[in-house]
Amino acid sequence: MQFDRHRRLRSSKSMRSMVRETHIRKEDLIYPIFVVERDNVKEEIKSMPGIYQISLNLLGDEIKEAYNLGIRGIMFFGVPNEKDAVGTGAYDHNGIIQEATRKAKSMYSDLLIVADTCLCEYTDHGHCGVINEETKDVDNDKSLPLLVKTAISQVEAGADIIAPSNMMDGFVAEIREGLDQAGYHNIPIMSYGIKYSSSFFGPFRDAAESAPQFGDRKTYQMDPANRREALRELESDLNEGADMMIVKPALSFLDIIRDVRNTTNVPVVAYNVSGEYSMTKAASINGWIDEKAVVMEQMVSMKRAGADMIITYFSKDICRYLDEEQ
């Protein structure tokens, strides 16, 4: 009887490595860091073991560690001392993210800084834009100029990539036009254009101190039940000038990552979000899983689905895992 012998290509570690289709590289990783305006702070986030809020004066050590591990992409999130209704701190020339960016660039000129361009960390109401007092919802069009101001201030501070995460209609078009008019034609936009209203964001809101003070974000973030809508968002953002597309979250939306990959040739980014990180860490701390094996399997699943890059809080751990395999 004749039958296929697929096990021939699984017979040894060397054989499996030779025929492996999907690989994780340090170059694929973007590492998020939470920077606070308070001095002398390195405080572990209770819901995200191993991840810290770090003050600007202590940030250098964190950047150095990440760089020495081989990470070349960092995304800063700011936690300001003062917040207001219009998120002034987001576009302050001397804002916390702007200062963190200058510090990182002064240390390593080849370090790519991805700027999260949003207002929620800077508004006293925790939403991603200006509130319409009559409807008590985010005013889409009045929020756009503030996002443009934020993007320009981030680039002026040294950001290499603008990553708008607010999910306002037209945000890519407005930011692209604003950057171009300011002379920043070569700054790419990594759009969070496919961002679902997910229950997996909870720990991030602890870390960034950005939970909405009323209501939720379901009028601007996407319904997790929708698949075709992601392709409409993708088409709009590409037409408006997006250079890269983020799908957020990652693990519950691997089908969306594959749809995006099949639809476009621009780089696709998976955001391995805080809740995904925290669940894995909690299971590891309790001894229920092999953390290294599970983390790497998760990363492979994102790459196999079609992601070119991964934003993940596991970035430093993954670099260490890859070093161990050398």
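The values are calculated or read from the model by the stated rules, or taken from the named source; none is laboratory data. As the structure is a prediction and not an experimental result, all values here were calculated from the model. Every residue, glycine among them, receives a Cβ derived from its backbone with ideal geometry; neighbour counts consider all protein chains shown. Note: accessible area is taken over every heavy atom of the protein model, side chains too, but ligands, DNA and RNA are not part of it. Shrake-Rupley method; radii C 1.70, N 1.55, O 1.52, S 1.80 Å.
In the range 120-167, what residues are touching a helix residue (DSSP H, G or I) at 6+ places or on another chain (Cβ under 7 Å), in a helix (DSSP H, G or I) and among the hydroxyl-bearing types (S, T, Y)?
Listed by number, the residues that qualify are T150, S153.
Conditions: (1) crowded, with 17+ Cβ neighbours inside 10 Å; (2) touching a Phe, Trp or Tyr at 6+ places or on another chain (Cβ under 8 Å). D84 meets all but one. Number of the miss?
Going through the list (1) crowded, with 17+ Cβ neighbours inside 10 Å; (2) touching a Phe, Trp or Tyr at 6+ places or on another chain (Cβ under 8 Å), D84 breaks only (1).
Just name the residue that is least open to solvent (accessible area, probe 1.4 Å) out of those in the range 141-173 that are modelled with pLDDT of 95 or more, more than 11 Å from Y91 (Cβ to Cβ) and of a type outside the set (A, V, I, L, M, F, W, C).
Looking at residues that are modelled with pLDDT of 95 or more, more than 11 Å from Y91 (Cβ to Cβ) and of a type outside the set (A, V, I, L, M, F, W, C), I get G158.
Can you confirm whether the range 97-118 contains a residue that is open to solvent by 10 Å² or more (accessible area, probe 1.4 Å), farther than 26 Å from N272 by Cβ and in contact with a helix residue (DSSP H, G or I) (Cβ under 9 Å, 6 or more places away or on another chain)?
Within the range 97-118 (the criterion being open to solvent by 10 Å² or more (accessible area, probe 1.4 Å), farther than 26 Å from N272 by Cβ and in contact with a helix residue (DSSP H, G or I) (Cβ under 9 Å, 6 or more places away or on another chain)), the answer is yes, since at least one residue qualifies.
Can you tell me which residues in the range 307-324 are touching a residue at least 40 places away in the same chain (Cβ under 8 Å) and open to solvent by less than 30 Å² (accessible area, probe 1.4 Å)?
Selection gives A307, I310, I311, T312, Y313, F314, S315, K316, I318, C319, L322.
Do any residues in the range 6-25 that are closer than 17 Å to L322 by Cα and touching a residue at least 40 places away in the same chain (Cβ under 8 Å) have Cβ atoms under 6 Å from those of residues that are aliphatic (A, V, I, L, M) and surrounded by 11 or more Cβ atoms within 10 Å (Cβ to Cβ), where the two are at least six apart or on different chains, and which pairs are they?
So the pair list comes out as T22/V300; I24/M299.
I need every pair where a residue in the range 224-237 that is farther than 13 Å from N262 by Cβ has its Cβ under 9 Å from the Cβ of a residue that is open to solvent by 100 Å² or more (accessible area, probe 1.4 Å), sequence separation at least 6 or different chains.
Listed pairs, sorted by first residue: P224/S199; S236/D169.
What pairs come up if the first residue lies in the range 132-151 and is touching a residue at least 12 places away in the same chain (Cβ under 8 Å), the second is of a type in the set (D, E, K, R), and their beta carbons are under 8 Å apart, counting only those six or more places apart or on different chains?
N140/D169; L144/E174; P145/E174; L147/E174; V148/E174; V148/E177
Tell me which strands (runs of 3 or more DSSP E) are completely within the range 40-109 and hold 1 or more residues being of a type in the set (A, V, I, L, M), or say none if there are none.
In the range 40-109, the matching strands (runs of 3 or more DSSP E) lie at 52-55, 73-79.
In the list N286, N272, which residue meets the criterion of being among the polar types (S, T, N, Q) and open to solvent by 30 Å² or more (accessible area, probe 1.4 Å)?
Going through N286, N272 in turn, the sole match is N286.
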